[in-house]
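The values are calculated or read from the model by the stated rules, or taken from the named source; none is laboratory data. Keep in mind that this is a model prediction, so the values were computed, not measured. Here Cβ is always computed from backbone atoms with ideal geometry, including for glycine, and neighbour counts include all displayed protein chains. Each accessible area value is taken on the protein alone, full model and side chains, heavy atoms only, with ligands, DNA and RNA left out. Shrake-Rupley method; radii C 1.70, N 1.55, O 1.52, S 1.80 Å.
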Amino acid sequence: MAIPDFQAIMLPLLRFAASGAEYSMQDARTTLADQMGLTADDRQELLPSGQQTRFSNRVAWAKIHLERAGLLEKTRRGHFIISERGRQVLNSPPERIDIRYLQQFPGFKEFRQRTTDSTVESTEDVSQTETPEEALEQAYRQIREDLAAELLEQVTSVSPRFFERLVLDVMLKMGYGGLSGDGTVSPPGADGGIDGVIQADRLGLDFIYLQAKRWSNPVGRPEIQKFVGALHGRRARKGVFITTSTFTQDAISYTAGIDSKVVLIDGLRLAQLMIDFNVGVSLAHLYEIKRIDSDYFAEE
């Protein structure tokens, strides 16, 4: 099943703590995952940042909201118990505990007013299903996708010669180019099926040959075969074929079945690499996400 949103986890988490014993977050995650029938893949699914599982993040935010409403109490790092108010809620439990329900508790309302614009309490905010980290990462993905699309549009408008140099710049930024950090672009009109060459290791013991096609139509198998033939003509076995368009399935299948190592990079992947390695883009804003340093507050 799909991983429940953090609001849907609130009531099950409160019920989990109903005995009054102290529980750890690990206990809660394991028990709730079992109760909700989550698969191993569900439990291991990571946020886009790769720093935390999605389910752990949602359980943590469910706990934070219940604590702010006074239904759970933090006992020590990573541990909690149910409060007297929490027991009272479970004496006549609602069908669902969510942000709208928690607004009846003064402590929670004060918490919301501190963390949001108190003059605007939108329906979207009350009914949110994403945790703050998920909302932030979703916004980041959207910004990145928009930038990639804009980049690709810009790249398709440059000259073929400029595109060849751009491809070489991406490879250099990725760490290829040997100790000198350099590569070469073939002379115009005489590339013999090769647009550039770059050292594959720091000592120059091997080379990678490049082919760059600033195309709008998909690149098919014949073009890949020509490139492989050009590699064989230079007794080379490593090549990177980069295009602003896409590759046909036939071209992809052919590449997978040959002895030579040929990597195919389509327009979307090229744009993502340009973003990752800062080619043709510059930093606009930098946001830091910080957490409490528990070690700092640990008293001896």
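Charges at C-beta only: +1 for Lys and Arg, -1 for Asp and Glu. How large is the resulting dipole of the chain about its Cα centre, in Debye rounded to 20?
Charge dipole of the chain: 560 debye, to the nearest 20.
Quote the relative contact order of the chain in percent (integer), defining contacts as alpha-carbon pairs under 8 Å separated by 6+ residues. Mind showing how you got there, number by number?
Numbers: 382 pairs, mean separation 36.6, N = 300.
Result for the chain is 12 percent.
Among Gly196, Ser216, Thr30, flag the residue with its Cα farthest along the positive direction of the charge dipole of the chain, charges on Cβ as +1 for Lys/Arg and -1 for Asp/Glu.
Among Gly196, Ser216, Thr30, the one farthest towards the positive end of the dipole of the chain is Gly196.
GNM, the chain, Cα, under 10 Å: largest mean-square fluctuation among Thr244, Thr129, Thr75?
Thr75
Specify the residue with the greatest mean-square fluctuation among Glu95, Glu133, Glu164, computed from a Gaussian network of the chain linking alpha-carbon atoms under 10 Å apart.
Glu95
Using r as the Cβ-Cβ distance of Gln104 and Ser253, and R0 as 45 Å, what FRET efficiency do you calculate, to the nearest 0.05?
0.15
In square angstrom, rounded to the nearest 10, how much accessible surface does His232 have for a 1.4 Å probe?
Here the residue's solvent-accessible area equals roughly 110 Å².
With a 1.4 Å probe and every protein chain kept in, tell me what percent of the accessible surface of the stretch 15-60 is carbon plus sulfur.
44
Projecting each Cα onto the charge dipole of the stretch 1-82 (Lys/Arg +1, Asp/Glu -1 at the beta carbon, about the Cα centre), which of Pro48, Leu14, Gly70 comes out farthest on the positive side?
Final value for the positive-end residue is Gly70.
Carbon and sulfur together cover what percent of the accessible area of the stretch 221-300 at a 1.4 Å probe radius?
Whole-percent figure for carbon plus sulfur exposure: 50.
Pick from Ser216, Ser245, Ser92: which is most flexible by mean-square fluctuation in a GNM of the chain where alpha carbon atoms under 10 Å apart are linked?
Ser92
When a/c reaches 1.5 or more, the comparison of a/b and b/c decides; with that in mind, is the chain rounded, prolate or oblate per its Cα gyration tensor? It would help to have the intermediate numbers written out before the result.
On the way: a/c = 2.89, a/b = 2.72, b/c = 1.06.
The shape class here is prolate.
Hand me the trypsin sites (Lys or Arg not before Pro) from the stretch 202-245 located in a DSSP loop with no more than 14 other Cβ atoms within 10 Å, in residue order please.
Arg202, Arg234, Arg235
Whole-Hz Karplus ³J(HN,Hα) for the stretch 75-80, in order, using 6.51 cos²θ - 1.76 cosθ + 1.60 and θ = phi - 60°, x for Gly and Pro?
9, 7, 4, x, 10, 7
Before I look further, what does the chain give for accessible area per residue, probe 1.4 Å, in whole square angstrom?
Value for the chain: 59 Å² per residue.
Roughly how many debye, to the nearest 20, is the charge dipole of the stretch 1-115 about its Cα centre, given +1 on each Lys and Arg Cβ, -1 on each Asp and Glu Cβ, and no other charges? Write out the running numbers ahead of the final one.
Details: 17 positive and 13 negative charges, 88 e Å.
Magnitude of the dipole: close to 420 debye.
Got the relative contact order for the stretch 59-105 handy, in percent, Cα pairs under 8 Å and 6 or more residues apart? Display every interim value, and only then the final one.
On the way: 32 pairs, mean separation 15.1, N = 47.
32 percent.
Considering only protein heavy atoms, with the full assembly of protein chains and a 1.4 angstrom probe, order Tyr140, Tyr296 by accessible area, largest first. Don't jump to the answer; show the numbers that get you there.
On the way: Tyr140 135, Tyr296 170 Å².
Output order, biggest surface exposure first: Tyr296, Tyr140.
Just to be sure I understand: of the beta bridges DSSP finds with both ends in the chain, what percent are antiparallel, rounded to 5?
Of the beta bridges lying entirely in the chain, close to 55 percent run antiparallel.
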